[in-house]
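Where a number appears in this text, it was derived from the coordinates with a stated rule and is not lab data. Given the structure is predicted, the values throughout are model-derived calculations rather than measurements. FYI the Cβ positions are ideal-geometry reconstructions off the backbone, even for glycines, and counts take in every protein chain you see.
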Amino acid sequence: MGRYLFLFIFFLCVSCGEDYKPKPKAFLRLEYPEAKYVTSNLEVPFTFETNLLAKKISLKKMQAPTESYGVNLEYPSLRGTIFLTYKAVGGNQKNLESFLRDAQKFTLEHTKKADEIPVTPYENMQKKVFGALSEVKGNVASPVQFYVTDSVNHFLTGSLYFYARPNYDSILPAANYLQKDIIHMMETISWK
C-alpha cells in the first residue's frame with residue numbers, strides 16, 4: 001500500500017506542472033544604423049557621397065598607362081571594404097572597351113560559386129553616368145560589384161569584400177546594407 005501511495009503522490013506532483021512547449025529557433029537579428037552620407041573630399045577626378053560608417057578611407061595613386069587611383073572604403077563594424085578603382089579613359093574607345101571587358105570578366109569569374117548573378121543597369125543622362133550593378137548570390141568572395149563610366153573620359157569599378165569566409169546566409173544582412181551604400185554612391189557620382 002505504501003508503494004502505491006508513493007507512486008500516486010509522485011504522479012500527482014509530476015502531472016501538476018505546466019505542459020512543455022518547444023521554443024522556436026532563434027535567429028541572429030542584425031540591425032545597422034540609418035545611413036548618413038557626406039560628399040567625398042578626395043583628390044580624384046570624381047566625387048561621390050559616402051556613408052559615415054566608412055571609418056577609414058584610403059587613396060592610392062597607381063602606376064598605369066592612364067591616370068589611375070585606388071580608393072578603399074573600410075567599414076570596421078561590418079568587417080568589410082568597398083574597393084574602388086578609377087581609370088582615365090582618355091577619349092580612347094579601345095581603353096573603354098578593355099575596361100568594360102575586364103569589369104565584366106571579373107564578375108563572371110564568380111559563376112563557379114554563385115547561385116545567380118542578377119545585373120541591374122544604371123543610367124543618369126544628366127550627370128553622364130552609365131554602368132551596371134551585379135549582385136553575386138551564393139558563397140562568393142565578392143557579393144556586390146559595379147562599374148560606372150561617362151563613356152569618354154572616366155571609368156570607375158568597385159567591389160565589396162568581407163573579412164570573413166564567404167557564407168552567404170551569414171553576410172547577407174551586411175551585404176544588403178553595403179549594397180545600398182554602393183547604389184547611393186553610383187547615384188551621387190559626379191565627374192570632375
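Could you give the dipole magnitude of the range 38-191 about its Cα centre, charging the beta-carbon of Lys and Arg +1 and that of Asp and Glu -1, in debye to the nearest 20?
Here the range 38-191 has a charge dipole of around 360 debye.
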*Tell me, 44, 38, 148 in order of fewest to most beta-carbon neighbours within 10 Å?*
38, 44, 148
*Qualifying trypsin sites (Lys or Arg not before Pro) in the range 72-159, DSSP loop, other Cβ atoms within 10 Å at most 14*: 79, 113, 127
*Residue order, fewest to most beta carbons within 10 Å, for 185, 62*: 62, 185
*Expressed as cubic angstrom per residue, what is the convex hull volume of the alpha carbon set of the range 38-191?*
106 Å³
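Order these by the 10 Å Cβ neighbour count, fewest first: 187, 34, 49, 97.
So the residues, fewest neighbours to most, are 34, 97, 187, 49.
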*Which of the lysines could a cross-linker span from residue 105 if the Cα-Cα distance has to be under 24 Å and same-chain partners fewer than 8 positions apart are dropped?*
60, 61, 87, 94, 113, 128, 137, 180
